[in-house]
1. Out of the GluC sites (Glu not before Pro) in the stretch 196-289, which ones are loop residues according to DSSP with at most 11 other C-beta atoms within 10 Å?
2. Search the structure for amide H atoms under 5 Å from the amide H of Asp35, placed 1.01 Å from N in the peptide plane, and list their residues when 5 or more places away or on another chain.
3. Based on a Kirkwood Rh over C-alpha pairs, give the Stokes-Einstein translational diffusion coefficient of the stretch 136-278 at 10 °C and viscosity 1.306 mPa s in µm²/s.
4. Once R0 is set to 25 Å, what does the formula 1/(1 + (r/R0)^6) return for the Cβ-Cβ distance between Leu172 and Ile237, expressed as a FRET efficiency to the nearest 0.05?
5. What FRET efficiency, computed as 1/(1 + (r/R0)^6) with R0 = 51 Å and r the Cβ-Cβ distance, is obtained for Val45 and Asn436, rounded to the nearest 0.05?
6. Compute the length gained on full extension between Phe516 and Thr297: take 0.36 nm times their separation in residues and subtract their Cα-Cα distance, giving the result in nm to one decimal.
7. What residues have an amide H closer than 5 Å to that of Ile182, excluding those fewer than 5 places away on the same chain, when H is modeled at 1.01 Å from N in the peptide plane?
8. Take each of the peptides 663-670, 566-573, 249-256, average the number of other beta-carbon atoms within 10 Å over its residues, and list them starting from the highest.
Amino acid sequence: MRMNVDILVMTGFAALVVWVFFSAALYITERNNPDPEMAGFYKTVPDSMWVSLLNLSGESPLCNYSVLGKILTGIIGLFATALFGIPIGILGAGFEEVIEEITEETPDEDDGTNGSNKASDRGFSGSGVDSDPLLASAPPSSTAEALYKFTNGLGSAASLWFEGMIYILICLTVFIGIIQTIKGQEDTLGSVEFVAVVIFTIEYILRFIGSAADPEFSGIGNSFLRRLRFIVSFYSIIDLLAIVPFYLALALPGGWVDAHDEYFRMLRLLRLLKLDKYVPSISLIDDVFRLKRQALTVTCFAAISLWVIFSGILYLTEYQDYQNEIDEVPVYGCDEDCTMADRFANYFASAIYTGIALTGDYPIITYSCWARVTCFVMVIAAVGVVAIPSGLVASGFTEIVQEKNRTDNVERAGAAAGDDWYEFRLVELQNEAPPNSAFGPAVDNLQFKVNAFLNGEVSVVPHTHVNPHTFQCGSRFFRVFMMSLIVSNVIAVLLETVPEIDKYVGNQPGNFFDSFEAVSIFFFTLEYGLRVFSARKNLEALYSPWVYCTTFFGIVDFLSTAPWYVEQILLLSGIAESNDTATIFRVFRIFRILQLEDFLVGFRKIDNVFRASRDVLKATGLMAVIIWVGCGALFFIFEQSNPNFRQCDVSIPLRTKHDTGCYDFESTAACEAYYGDGMCVQSSFSSMPDSLFYVAVFLGGEWGLVDFTWGGRMVCMFLCVIGIALYAIPVGTLFESFGSVIGMDGEEEEDEDEED
């Protein structure tokens, strides 16, 4: 802080001025707002300062603003939030710099880079094991070795097909498990699930036999003991947890396992962890913690200290807050006339809400005066510091994955295969002439001209008699025309969704929008066909039409045209009787905005961005999915019958002496079974898709719901502490790679200018 005191004073004063200005302005515009809630939060300038503070920190808890209020909050979102966040960012960055200096002075003895070398130390070592006669070294049989290679995708095309099939089945069964949590869909795709379980069982048996040749158990000389060791291995236990309950429920209908089938179905989601064996992600976290051990020790202590302190302060300021009313929270012992005191009934409850606030989100804003002051201090001084541990884990994970992939790339250096096939092939073709067409020089010449015309190249096209200036002007006109057509199509899609405009143009087949769409499709199809035709002269397509069709741009071009043809086929065949039935295909037109990437230099590097970050994306993307689905399943299990999210018909009492009230039933399903369909409804976490939606929102840093059961609160804390940071790594990686790619291009252009 001392090093940045001048900057802090300057930016802090600017932030203070911005805060006071917008607080006063919103007080003037919203104090007489017809919405009582809005008027209540802006009845005085101090009240306005509380909500304005949240707005400036990136939160928008209220939305029913007046026209002037909407303009002011829009300005806050566009400009003021960034200015207000500067001093907060400086505080967090300064603390992180101090931590880095401390850790550099006392480096870790084990920095995590030798984690892979230590992997063997954790298991069975060869020394001392072979001395046991029961563990005498014995080579695995040829059958075991063949099965090991087959089940791990090694040695043959058949093994690769088998491994790919297992990938697909894992994703399919996870999808089925999610769908079957929806009411009325409990048996959907049950036959597919049965076949999948049989295949997984066969796979497990093959892996069991082949485990005698698994290098992971090479320290165990005896094949029988290797197989026993396999049974208690991590991935074997996952397989058993996902398979065994299915057979138990099948063999013992009506038994305990069958009665709790909805919970055992969640075990099927564990199959996602099997993918970690092929794309390491979760298993790398141990290396991450070793790599950042000292920094994490210091920052976690600071973060936990702040969490404990602010939890206590918020508890003291809110446990007797009987003024600010909230919705009913029967889980916390309040059925009617609930207040903030019911939420903050004890210190541990306060810790949950404080943890959410320290992530920078404020789903609760009805605090007392002193609690608001406490939250102000948290926003200014604590949020940036508390976020550092999760940021360290995220950066450490990225470093580990990148280091691992650099090592793998060195090992396979010179190989024109694998993940880097595009780069290797592109380098090979740099100085090679495009292949000749089988239809002769005339077609070759036409392909050269079409490729140059589409891509705006000014180089001389071989065998052309067209004036270069005329050719360049025509190419530029075509590109501008296509850009205008793309923008016009996007605008048309938006306007068509406005009922008044759609009604004005007729809302009938052949109206203006349909005619404009047909004309647009002609040009989009023409361009797509020309790009496929000229791909054999396009280096970026590796001189291959197929490569072009499978690149980002090729897929976008295809998605821009194909849905229209599908829609026409549906209409002509009678499957879709009206344009409204085929609306889903019209929505695909919005993809056309991505076609602008063909004409804008920055976006033309999107493919490079994905290639530059794909190694990290594979690992972190899988981890993000596992966190999302795993936490979604846990929230579903813990919250599917939470009375806080239960809504009953007005004719149903909340509580009765005979335990037949809305909140008396252990589950919403039991309440509905007693009173009838639709009388008791679970508003949130009623199914896995519903739960996944909320978890996706939570992982984005927004907490629309906070009144969880204690099981849900534990999942909530996991997401606050580390889940959100890990989930955000793929997005952060994309932004970092995009900046790097654009930056490198800029450097290359500068070098070229210097050479000239």
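Here, each number is a calculation from the coordinates, and none is a lab measurement. Owing to the predicted nature of the structure, the values given are computational and were not obtained by experimental measurement. Heads up, the Cβs are rebuilt from the backbone with ideal geometry, glycines too, and the neighbour counts pull from every protein chain shown.
1. When the GluC sites (Glu not before Pro) of the stretch 196-289 are filtered for loop state and at most 11 Cβ neighbours within 10 Å, nothing remains.
2. Excluding prolines and chain starts, which carry no amide H, there are no hits.
3. Approximately 98 µm²/s, per Stokes-Einstein.
4. The formula returns an efficiency of 0.70 here.
5. Working from the Cβ atoms, E equals 0.05.
6. 72.6 nm
7. For Ile182, the qualifying residues are Met688.
8. 663-670, 566-573, 249-256
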